[in-house]
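Q: Here it is, the structure in full.
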Amino acid sequence: MEPADIWLQGEEKLLLIDGRLVPSRDGGRREIVEPATGRPLAVVTGCGAVDALQALGAARRAADDGPWPRMGAAGRAQRMLDLAQRIESDAELLARVEARDSGRALRETAKDVRYAAALLQRETQGAAADQGRWRTVDGGLETVTQPAPLGVIVAAAGAHAPLRSAVSALAPALAAGNAVIIVPDVRTSLSVMRLGEMALRAGFPPGALQVLSGGREAASALVAEDAVDLLLEDSGVGGEEWLRAARGARPIRTAPRAKGTLLVLSGADPVIAAEHSLVGATYGQGALPGGVQRIVAERKAHDHLVLQLISRASALTLGSPIDPDCEVGPLVSEGQREAVETAIADARAEGATLVSGGQRGQGARLDGGFFLQPSVLVGLRPSMQVWNKDVPGPVLLVHEAEDLEEAMRALGAAGPVGVFGAHGRGLGRLGADLPKRDILLDTWNLPQILTDPGLCTWRREDLSLARNVWRAEPEGPGWYFSS
């Protein structure tokens, strides 16, 4: 039996609170369902309001009086690098746990594990470089500008890439000296709870990093408390915004959630455009921000592109995410599958035509799982409701445009834009017409974008304050104060 399977079938997975792995005081126990089978996968401690408030109290003590914000970048780096090494050593187990828990293919979750270790290493190096250099100012004083932690940060990790989502928040937040509480999605908390076990062994001080197990009751308790200095929300496409209640009450930052649109012009290679479209639509089961959902194709490119999409989509292999042949795993839950099926039905009711996919997985090896074949719909119009909302699944919506001007009008107002076949078309005005939109030319390499530690969702400088530290040494060892 694989080590990951032994861990999953082992004892109840506990909360990491105040430097200890503990059972719930008021949340009971909860079964995690495996998306590929629909059967119980593991038992976790359910996090209740009392548990959440206990974690918050520990985080407040760690932020105000604990050693973590005071040990300096070098001291924090030692613990964070230890955690990164443990992730690397446990990479196969973590990847397999997340694959079985989220339904994503093992090759995808393995990339996320490598990303997590690399990001922790990168953030420790950056934090050390941020310490600045002393310089002499008037009056014989020396000064240096250093980052200061915000305090207590609560971060919600998304259901579809929980480990990546969690580490994207905790790595820069911990490097800045904050106390962090990670709340994974209630459906997919296993890999993050395993990460909590590793953090305990890495020697983080009590309260510096805590991991709960999700849940509306625990989340509601946290967002209601003034002791939280910042909320980070990264629920992904179609995820539940459990921090919505906190808007206006305290600072909150929400990760980008929009899917993208491909503009396929008459000079594009339909084979390449179709390949990038399907990778963007199926990576992460189509529920990750930055994925592809809408395609606007010029009339001369439309039919060839659609034929390629149908051919490639129908050939994709559905299967268990830990199967090496799996190209598309199950959706994360039955509720998500129903949401995608409803969106497809709504599109057809508005006049779109389903030309490929849209059916549940069939066959003995897919029975019981939340499988759904990647779908391609044509005949979409920008006025349709489904065109203007993101669907949390592997769905491609194709609109045929008469010319470039019509195509530009159909792009919508949010999300990145990929352009295929732009050579010689004079599209230098794209940047002006699409301000503040990410534009990619002849590529949509979503796996690379999502696993590049240099493109982390959150930035360390956004999770800290700039502080001027002054020093004078008139006699003795000197004295310090800050402003």
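Rule-based calculations on the coordinates, nothing more; no lab input. Just so we're clear, the structure is a prediction, and the values are computed from it rather than from any experiment. Counting neighbours? That spans all protein chains shown, and the Cβs are built from the backbone with ideal geometry, glycine included.
Q: Net charge around ASP26, counting only other residues with Cβ within less than 9 Å of its Cβ (Lys, Arg = +1; Asp, Glu = -1)?
A: In short, -1.
Q: Here's another thing I want to ask about it. Based on other C-beta atoms within 10 Å, arrange HIS423, HIS276 from fewest to most.
A: Exposure proxy ranking, most exposed first: HIS423, HIS276.
Q: Quick one, could you list the DSSP H helices from the chain stretching 15 Å or more along their long axis (Cα atoms) with average Kyte-Doolittle hydropathy of 0.0 or above?
A: Answer set is 49-65, 162-175, 190-201, 270-282.
Q: For a quick check: sort ASP65, ASP18 by the number of other beta carbons within 10 angstrom, fewest at the front.
A: With the sparsest Cβ surroundings first, the list reads ASP65, ASP18.
Q: In addition: Based on DSSP, what percent of beta bridges with both residues in the chain are antiparallel, to the nearest 5?
A: 40
Q: Continuing with this model, one more query. Could you work out the equivalent-ellipsoid semi-axes for the chain, taking the square root of 5 times each eigenvalue of the Cα gyration tensor, largest first, in whole Å?
A: The three semi-axes for the chain are 42, 29, 19 Å.
Q: How big is the antiparallel share of DSSP beta bridges in the range 3-255, given as a percent to the nearest 5?
A: The antiparallel proportion sits near 40 percent.
Q: Ok, one more. Roughly how many whole Å is it from the C-alpha centroid of the range 392-413 to that of the range 145-218?
A: Computed from Cα coordinates, the inter-centre distance equals 38 Å.
Q: Scan around LEU372 for amide H atoms under 5 Å from its own, H built in the peptide plane at 1.01 Å from N, and keep only partners 5 or more places away or cross-chain.
A: For LEU372, the qualifying residues are LEU331, GLY361.
Q: Compare the peptides 100-111, 213-224 by average per-residue count of other Cβ atoms within 10 angstrom and give them in order, highest first.
A: Per-residue Cβ counts within 10 Å, averaged per peptide and sorted highest first, yield 100-111, 213-224.
Q: Oh, and also: Taking amide H positions as placed in the peptide plane 1.01 Å from N, state which residues far from ALA42 in sequence (5 or more) or on other chains have amide H under 5 Å from it.
A: Residues meeting the amide H criterion: ILE32.
Q: Also, quick follow-up: Quick check on packing: order 149-155, 163-169 by the mean number of other C-beta atoms within 10 Å, highest mean leading.
A: Going by the mean number of other Cβ atoms within 10 Å, highest first, we get 163-169, 149-155.
Q: State the Cα centre-to-centre distance between the range 72-112 and the range 9-33 in whole Å.
A: Each part's Cα centre sits 20 Å from the other's.
Q: Counting DSSP beta bridges with both partners in the range 260-450, what percentage is antiparallel, nearest 5?
A: 15
Q: Can you give the local net charge around GLY361? Use residues other than it whose beta-carbon is closer than 12 angstrom to its beta-carbon, Lys and Arg +1, Asp and Glu -1.
A: +2
Q: Count the net charge of all other residues whose Cβ sits under 9 Å from the Cβ of VAL44, scoring Lys and Arg as +1 and Asp and Glu as -1.
A: Result for the local shell: +1.
Q: Which residues' amide hydrogens lie under 5 Å from the amide hydrogen of SER356, considering only partners 5 or more residues apart or on another chain, with H built in the peptide plane?
A: Result for SER356 returns VAL376.
Q: Within 10 Å, count the other beta carbons around each residue, average over each peptide in 258-266, 332-340, and list them highest first.
A: 258-266, 332-340
Q: Assuming R0 = 30 Å, what is the FRET efficiency of GLN385 and VAL43, from their Cβ-Cβ distance, to the nearest 0.05?
A: So the FRET efficiency works out to roughly 0.15.
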